[in-house]
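Only the coordinates and a few stated rules stand behind these numbers; no lab work does. None of the values given here were measured: they were computed from a predicted structure. Here the Cβ is made from the backbone with ideal geometry for all residues, glycine too, and neighbour counts use every protein chain on show.
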2 protein chains.
Amino acid sequence: MTKPTIKDVAKIANVSISTVSRVMNAPESVIESKRSKVLDAIEKLKYKPNALARGLIYKKTNTLAVVIPDIRNPYYADIIRGMEDASKKLGYNLIICNTDRDKKRLFSYLNNFYERQVDGILYTSDPVFPDYYNEIKRLRIPVMLVSTHSMEYELPSVKIDDEQAAFDAVKFLIDSGHRKIGMIGFDLSDSIAGQTRYHGFIRALRENDLDECKENIVYVNGWSYETPDAAAQMLAKCPDVTAIFTASDELAIGLLCYLDERGISVPDQISVIGFDNIRLSRITIPKLTTVSQPTYEIGYRSVEKLDAIIEEKEDPVLREYLPHEIVVRASTRRL
Amino acid sequence: MTKPTIKDVAKIANVSISTVSRVMNAPESVIESKRSKVLDAIEKLKYKPNALARGLIYKKTNTLAVVIPDIRNPYYADIIRGMEDASKKLGYNLIICNTDRDKKRLFSYLNNFYERQVDGILYTSDPVFPDYYNEIKRLRIPVMLVSTHSMEYELPSVKIDDEQAAFDAVKFLIDSGHRKIGMIGFDLSDSIAGQTRYHGFIRALRENDLDECKENIVYVNGWSYETPDAAAQMLAKCPDVTAIFTASDELAIGLLCYLDERGISVPDQISVIGFDNIRLSRITIPKLTTVSQPTYEIGYRSVEKLDAIIEEKEDPVLREYLPHEIVVRASTRRL
DNA sequence: TACCCTCATGTTAACGCTTACATAAATAGC
DNA sequence: GCTATTTATGTAAGCGTTAACATGAGGGTA
C-alpha cells in the first residue's frame with residue numbers, strides 16, 4: 001500500500017541500503033552481480049527515490065518558481081513554454097504562480113518558495129519595488145528578472161530593449177508616411193512597459209520633427225484589453241490621427257474592435273501597430289502588424305541564466321537584451 | 001549564510017527543539033514565558049520551517065500537480081485561477097505542467113510527481129487512455145479529471161455536460177430560424193471535445209428534423225486556431241450554410257478571420273457560434289456568440305473535490321457536471 | 001509526609017536518503 | 001608468504017522536522 005523505500009529494495013536484493021544508493025548514484029562502484037540484483041529489485045518494486053529526502057541532504061530541490069502577474073495574458077504562454085523546455089534540459093521543475101498583481105499573494109508565494117527550498121525564482125514582467133527587493137534579498141534565493149529589469153538594484157534580467165522596440169515601431173509608421181501618430185500606452189508608473197515604450201515613442205517623434213504629436217497619448221492603467229475607453233479618448237483628443245501605436249497587442253485588439261464598431265476602417269483610415277506578437281495577432285481582423293518579442297527565447301534564456309547563477313558556473317551578463325523584430329501584417333498601410 | 005533551523009531557534013531561546021516545534025504546532029501546550037522567547041527568536045532569525053523535512057514526516061507535501069495539454073490555449077487561464085484560489089484556501093500549492101500533448105512529457109511529469117510526493121494530480125482536458133490510466137493507478141496518487149472524464153474508469157471528474165451544451169448551441173441556431181447548419185469540430189478520436197459535441201450537434205438536428213445537415217461537418221485534428229483550411233472545406237462542402245457551430249472559440253475566431261478575408265459578412269450571411277467563452281471572445285469582430293463554460297468554477301471545484309478525496313472527507317459525486325450557458329453576442333442573427 | 005496526577009519540557013527515534021568511515025576481502029608487490 | 005594497497009560493502013551519522021516516551025517539578029488528597 002505504502003510507497004516502497006530504499007529499505008524494501010535492499011531487503012529484496014539482499015544488500016545494504018547504501019549499496020542500493022550507490023547503484024543509483026555511482027553504478028560503477030558496485031560489482032556487476034549485485035548491481036543487477038538491485039536493478040531487478042528496483043524494477044520489481046517500481047521504486048523511485050523520494051525527492052524530499054534527497055532534497056534534505058543535497059540542499060537542492062531542482063525546483064524553480066515562476067511568478068507571473070496575470071496568467072490570462074497570452075503573452076506569458078510562450079515564455080512559460082521556453083522556461084519549461086530549458087528546465088527540462090537542465091533538470092529543474094517549475095512551480096508556476098499567478099499573482100494577479102496582488103502584493104499579498106506575491107509575498108505569500110515568496111514565503112512559500114523559501115519554505116519549500118526552491119533553488120531559484122523567475123520573476124516576470126513586474127517592476128521591482130523596494131519592498132519586493134528587500135523581501136527577495138532576505139530570502140537569499142537567486143532571482144532572475146524576466147521581461148523586466150531593475151536599474152536601481154543589481155538583479156540579473158532577460159528582456160528586449162523596450163525603448164528601442166517602441167522607437168522602431170513608431171519609426172516604421174513614420175517611414176510609411178504617417179505624420180499624425182498617436183499612442184495608447186501603459187501608465188508611466190509602470191517603469192517597464194509604460195515608461196520605456198513612452199520614451200521610444202517620444203524619441204522617434206523628436207528625431208523626425210514630429211514633436212507636435214507628443215501630446216497624442218492616452219494611458220491605461222489596467223492590463224486588460226477591455227479598454228475601449230482609451231480608444232475613444234484617443235479619437236476625441238486627436239480626431240485626425242492616421243496611425244496608432246499601442247503598447248500591447250491586447251490593447252491593439254481592443255482598439256480594432258472599437259474602430260470596427262465606429263465604422264472606421266483599419267488600415268484604410270487608421271493604421272494600428274501593436275506590441276508583443278501574441279499568437280492571436282495572426283488572426284485578428286485585419287491581421288495585426290506588431291513588434292515581435294522572442295518570448296519563447298526569453299523564457300528559455302532566463303532559466304539558463306538562472307541555472308548558471310545557481311551553479312555558480314560563469315559570470316553571466318547581468319542585464320541581457322534579446323532582439324525584437326517588426327512583423328508587418330495587414331493593420332498598417334503606407335500613406 | 002545558511003538558513004536558520006529549528007536548532008538555531010532553540011539555542012537562542014534557550015529551550016529544546018521540541019519546545020520550538022510545539023510553539024509552532026500546538027502553542028497552548030507551552031508556557032507563556034517560553035513561548036514568547038521562542039517567538040522572539042523565530043522573529044529575530046526570520047525562521048521558517050523546512051517544508052521538505054516536514055513533508056518527510058507527515059507524508060504530505062500539500063502540493064497538487066496540474067497537467068495542462070496546451071498552455072497557449074486561453075481556455076486554461078481561468079481554470080488555473082480557480083484552482084489557485086481553491087488551493088490557497090485549502091492550503092495547497094500548485095505545480096503547473098504543460099505537456100503540449102506529448103505523451104513522453106506527460107509520463108515524465110507523472111514520474112516526477114511521484115518522486116516529489118505530490119498529494120494529488122489535476123489532469124485537465126485530455127482523454128484518459130489505457131496506458132495513462134495504468135500509469136496513474138501505479139502511482140497510487142489521487143487523480144481528478146478536470147474538463148474531461150472517463151466512462152471506462154472510475155475516476156472523479158468535474159466538467160460541463162458537453163453533449164448537452166453542444167445540443168443547446170445548435171438548438172439556439174435552429175430556434176433562430178437557421179435550417180442550413182454546419183459544424184467545425186474536433187476529430188472523433190477525441191472522446192471529450194470531439195465525440196460529445198458531435199453527438200450534441202447530431203441530436204439537435206435529429207430532434208428538429210434537420211437530418212439533411214448531418215453531413216455538414218468538418219473535423220480538425222489540431223487544437224490551434226490557425227486552421228482556415230477547415231473553414232474552406234466547410235464552405236466547399238456546403239456553400240449555402242447560414243450558420244456554423246464550432247467546437248471551440250479558437251476555431252470560431254479562425255473562422256471569423258477566414259470569412260472576413262472572403263468578404264463574407266458575419267452575421268449577415270453566416271452566423272457563427274463558438275464554444276468556451278474565452279476572455280477574448282468579447283472583442284472579436286463581430287463579438288462572438290458562444291457557449292460559456294464556468295471555467296473558474298471548474299478549476300475551483302476540482303481542487304475542492306480532490307482535497308475531499310485526499311482527506312477522505314466525504315464521498316463526493318464521482319462525475320460532477322457544472323452548468324453551462326449560451327452567451328449571445330453579435331456573431332449570430334435571427335433569420 | 002507519602003502518594004498520585006497533571007503538566008511542561010527534554011530526549012530520542014523515526015521519516016528516506018546520502019556519505020564518511022570502518023571493515024573485510026581481494027589483489028599486488030617484494 | 002607476508003605486508004601494503006586497492007576495492008567492494010556494510011554501519012552509522014546526519015539532513016530538519018515531529019511525536020512518542022521519559023522525566024521531574026508542582027499541586028492536591030489522605
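Other chains' Cβ within 10 Å of B:2-12 residues: what's the mean?
Counting Cβ atoms of other protein chains within 10 Å of each residue's Cβ and averaging gives 1.
Give me the dipole magnitude in Debye, nearest 20, for region A:162-293 about the Cα centre, with unit charges on the beta carbon: positive for Lys and Arg, negative for Asp and Glu. Spell out each step's value before the answer.
Working: 12 positive and 20 negative charges, 47 e Å.
Here region A:162-293 has a charge dipole of around 220 debye.
For B:Asp240, place a label point 7 Å out from Cα along the Cα→Cβ vector, do the same in each other copy, and report the separations in nm, one decimal, smallest first.
So the distances to the same position in the other copies read 5.2 nm.
Rank-order B:246-252, B:28-34, A:237-243 by packing density, defined as the average count of other C-beta atoms within 10 Å over each peptide's residues, highest first.
Highest mean packing first, the order is B:246-252, A:237-243, B:28-34.
What is the calculated FRET efficiency for B:Leu45 to A:Asp102, with r their C-beta to C-beta distance and R₀ = 35 Å, to the nearest 0.05?
0.80
Using +1 at the C-beta of Lys and Arg and -1 at the C-beta of Asp and Glu, which of A:Thr19, A:Ser36, A:Val9 has the Cα lying farthest in the positive direction of the dipole of region A:6-49?
Result: A:Val9, furthest along the dipole toward the positive end.
Quickly estimate the mean residue ellipticity at 222 nm for chain A, helices only: each DSSP H run with n ≥ 4 gives -39500 (n - 2.57), and the total goes over all residues, rounded to 500. Don't jump to the answer; show the numbers that get you there.
Working: 12 runs with 143 residues, N = 335.
Value at 222 nm, helices only, nearest 500: -13000 deg cm²/dmol.
Mind checking the alpha-carbon convex hull of region B:162-293 and giving the volume per residue in Å³?
92 Å³
Shortest first and in nm with one decimal, please list how far the A:Lys59 label point sits from its counterparts in the other copies (point 7 Å along Cα→Cβ).
Reported distances to equivalent positions: 3.0 nm.
With unit charges on the beta carbon (Lys/Arg positive, Asp/Glu negative), name the residue among A:Thr246, A:Ser108, A:Val220 whose Cα is farthest towards the positive pole of the charge dipole of the protein assembly as shown.
A:Ser108
Around A:Ile96, which amide H atoms from residues at least 5 apart in sequence, or from another chain, sit under 5 Å from its own amide H, with H modelled in the peptide plane?
A:Val66, B:Ile96
Treat the count of other C-beta atoms within 10 Å as a stand-in for reagent exposure and order B:Ser21, A:Ser189 from fewest to most.
Neighbour counts put them in this order, fewest first: A:Ser189, B:Ser21.
Treating only the Cβ of Lys, Arg, Asp and Glu as charged (+1, +1, -1, -1), what charge dipole size does region A:6-49 show about its Cα centre? Round to the nearest 20 debye.
My answer is approximately 160 debye.
Could you work out how far the C-alpha centroid of region A:1-76 sits from that of region B:70-108, in angstrom?
Using only Cα atoms, the two centres lie 25 Å from each other.
Below 19 Å, Cα to Cα, which lysines can B:Lys11 reach? Residues fewer than 8 away in the same chain don't count.
In chain and number order, the partners are B:Lys3, B:Lys34, B:Lys37, B:Lys44, B:Lys46, B:Lys48.
Please go through region B:135-200 and write out the chymotrypsin sites (Phe, Trp or Tyr not before Pro) that DSSP classes as loop and that have at most 16 other C-beta atoms within 10 Å. Don't jump to the answer; show the numbers that get you there.
Values: sites: B:Tyr153, B:Phe167, B:Phe172, B:Phe186, B:Tyr198; in loops: B:Tyr153.
Within region B:135-200, the qualifying chymotrypsin sites (Phe, Trp or Tyr not before Pro) (loop, at most 16 other Cβ atoms within 10 Å) are B:Tyr153.
Find every distance from the label point of A:Ile326 to the corresponding label point in the other copies (7 Å from Cα along Cα→Cβ) and write them in nm, one decimal, shortest first.
Copy-to-copy label distances for A:Ile326: 4.7 nm.
Whole-Hz Karplus ³J(HN,Hα) for region B:263-268, in order, using 6.51 cos²θ - 1.76 cosθ + 1.60 and θ = phi - 60°, x for Gly and Pro?
Running phi through 6.51 cos²θ - 1.76 cosθ + 1.60 with θ = phi - 60° gives x, 9, 7, 10, x, 4 Hz.
Which of A:Asn208, A:Thr61, A:Pro49 sits farthest toward the positive end of the charge dipole of chain A, with +1 on the Cβ of Lys and Arg and -1 on the Cβ of Asp and Glu?
Of the listed residues, the answer is A:Pro49.
Would you mind giving the mean number of other chain beta-carbons within 10 Å of the Cβ of each residue in B:40-52, as a whole number?
3
Given H placed on each backbone N at 1.01 Å, which residues far from A:Ile160 in sequence or on other chains put an amide H within less than 5 Å of it?
The list, which skips near neighbours in sequence, is A:Leu322.
Amide H to amide H under 5 Å from B:Met144: which residues, 5+ apart in sequence or cross-chain, H placed 1.01 Å off N in plane?
B:Ile121, B:Leu122, B:Tyr123
Can you put A:Arg319, B:Arg22 in order, fewest other beta carbons within 10 Å first?
On the way: A:Arg319 14, B:Arg22 18.
Going from least to most buried by this count: A:Arg319, B:Arg22.
Take a quick pass over region A:162-293 and tell me how many lysine pairs come in under 19 angstrom between Cα atoms, counting only ones 8 or more apart or on separate chains.
Taking the Cα cut-off of 19 Å, the pair count is 5.
About its Cα centre, what dipole magnitude does chain B give when the only charges are +1 on Lys and Arg Cβ and -1 on Asp and Glu Cβ, stated in debye to the nearest 20?
Dipole size: approximately 1820 debye.
Distance between Cα centroids, region B:276-332 to region A:114-130: provide it in whole Å.
Going from one Cα centre to the other spans 31 Å.
Using a 10 Å cut-off around each Cβ, can you sort A:Glu152, A:Glu320 from fewest to most neighbouring Cβ atoms?
The fewest-first ordering by Cβ neighbours comes to A:Glu152, A:Glu320.
Which part of region A:80-106 falls in the paramagnetic zone of A:Asp229, meaning amide N under 20 Å from the point 7 Å along Cα-to-beta-carbon?
Residues passing the 20 Å test: A:101-102.
For A:246-256, what's the mean count of beta carbons from other chains sitting within 10 Å of each residue's beta carbon?
1
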